[in-house]
Structure formats: C-alpha cells, structure tokens
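Novice: I have a structure here, written as structure tokens, and I will follow up with some questions on it.
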Amino acid sequence: FWHRDRDEMLWDFYYRIEVYTPKPKRVYGYYVLPILHGHELVGRIDPKVDRKQKHLIFHALHLEDTTVVTPELTQGLIRAIEEFMAFHQCETFELVDCADGQLQNMIQRYFK
C-alpha cells in the first residue's frame, strides 16, 4: 500500500495508517492494517502484539460496508489470525471490538 492513491482508485479503499493521528481523531486504530480476502479488501484490523505475554490483541476489526460475512470469510480470518499468531510466536488471542457481533462471537469462541 505504498501508492495509496492508486490503491484507492483500484479498490475504492481509503487507507491511512493512523500512528501519527492524535487518538481522538483516529477512525480505525493506531496501527491499522487492511484485510485482503481473495481479491478484495474487506476490512481492517488494529493489531497489537504483547511479546512478553505472547498475546495477540486486535483492538478492532472493521469490515467494509459492502463486505458480507460468509463461512469462507470467517474461516479465512481465523486462518490469518493463526498465521499472525505463529509469526509473532503468540499463544493467545483477543478480539476487543468488532462491529459484527456474530463474527466477533465466532472468532472469540474459536480462540478460547
């Protein structure tokens, strides 16, 4: 996502990392990252790794308005979280906030 104008033109996906945005003005989170599912950008996460506790936290999971939650999307997100955890050597996972309550419950149940 180096050429944000091009990315916005191709996917109609406005993306800005909010590290330097004052907290009250952040829309998606401190270190927001896009979620690519198949060939579509379907949402964003605000992840944090607590290396000492080996704990991965998603402060937020935001889906785009046009994203439909399907079993394939849910399974894709779970696999991606598992890969993220493995890469960062995390043993536990927590999803703090997700606008889709049903998706949040499915993900939380999986990682309990």
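Novice: Just need the relative contact order of the chain here, percent rounded to a whole number, with Cα pairs under 8 Å and 6+ apart. Intermediate values should be presented prior to the final figure.
Specialist: On the way: 161 pairs, mean separation 20.9, N = 112.
About 19 percent, as a whole number.
Novice: Select from the range 11-112 those chymotrypsin sites (Phe, Trp or Tyr not before Pro) which occupy a DSSP coil region and have at most 11 other Cβ atoms within 10 Å, ordered by residue number.
Specialist: Counting only loop positions with at most 11 other Cβ atoms within 10 Å, the chymotrypsin sites (Phe, Trp or Tyr not before Pro) in the range 11-112 are Tyr14, Tyr20.
Novice: On the accessible surface of the chain, probed at 1.4 Å, how many percent belong to carbon and sulfur atoms?
Specialist: 52
Novice: Could you compute how much accessible surface Arg4 exposes when probed at 1.4 Å, giving the result in Å² to the nearest 10?
Specialist: 90
Novice: Can you give the extra length, in nm with one decimal, that the chain gains between Thr70 and Val27 once fully stretched, where that is 0.36 nm per residue apart less the Cα-Cα distance? Write out the running numbers ahead of the final one.
Specialist: Numbers: separation 43, 0.36 × 43 = 15.48 nm, distance 2.50 nm.
Extra length available between Thr70 and Val27 comes to 13.0 nm.
Novice: In Å², and per residue, what accessible area does the chain have when probed at 1.4 Å with the other protein chains present? Present the calculation step by step, with values, prior to reporting the outcome.
Specialist: On the way: 7880 Å² over 112 residues.
Accessible area per residue: 70 Å².
Novice: Take Met9, Met106, Met85 and sort them by solvent-accessible surface of the protein heavy atoms, 1.4 Å probe, largest at the top. Don't jump to the answer; show the numbers that get you there.
Specialist: Values: Met9 150, Met106 60, Met85 20 Å².
Accessible-area ranking of Met9, Met106, Met85, largest first: Met9, Met106, Met85.
Novice: Can you list residues from other chains, or at least 5 along the same chain, whose modelled amide H is less than 5 Å from the amide H of His37?
Specialist: Val42
Novice: So, one more: Test of understanding: express the Cα radius of gyration of the chain as a ratio to 2.2 N^0.38 Å, with N the residue count.
Specialist: It is 1.07.
Novice: The range 4-24 to the range 57-112: how many Å between their Cα centroids?
Specialist: Cα centres, the range 4-24 to the range 57-112: 21 Å.
The values are calculated or read from the model by the stated rules, or taken from the named source; none is laboratory data. None of these values were measured; they are calculated from a predicted model. We place every Cβ from the backbone using ideal geometry, glycine too, and count neighbours over all the protein chains shown. Side chains are part of the model used for accessible areas, which takes the heavy atoms of the whole protein and leaves out ligands, DNA and RNA. Shrake-Rupley method; radii C 1.70, N 1.55, O 1.52, S 1.80 Å.
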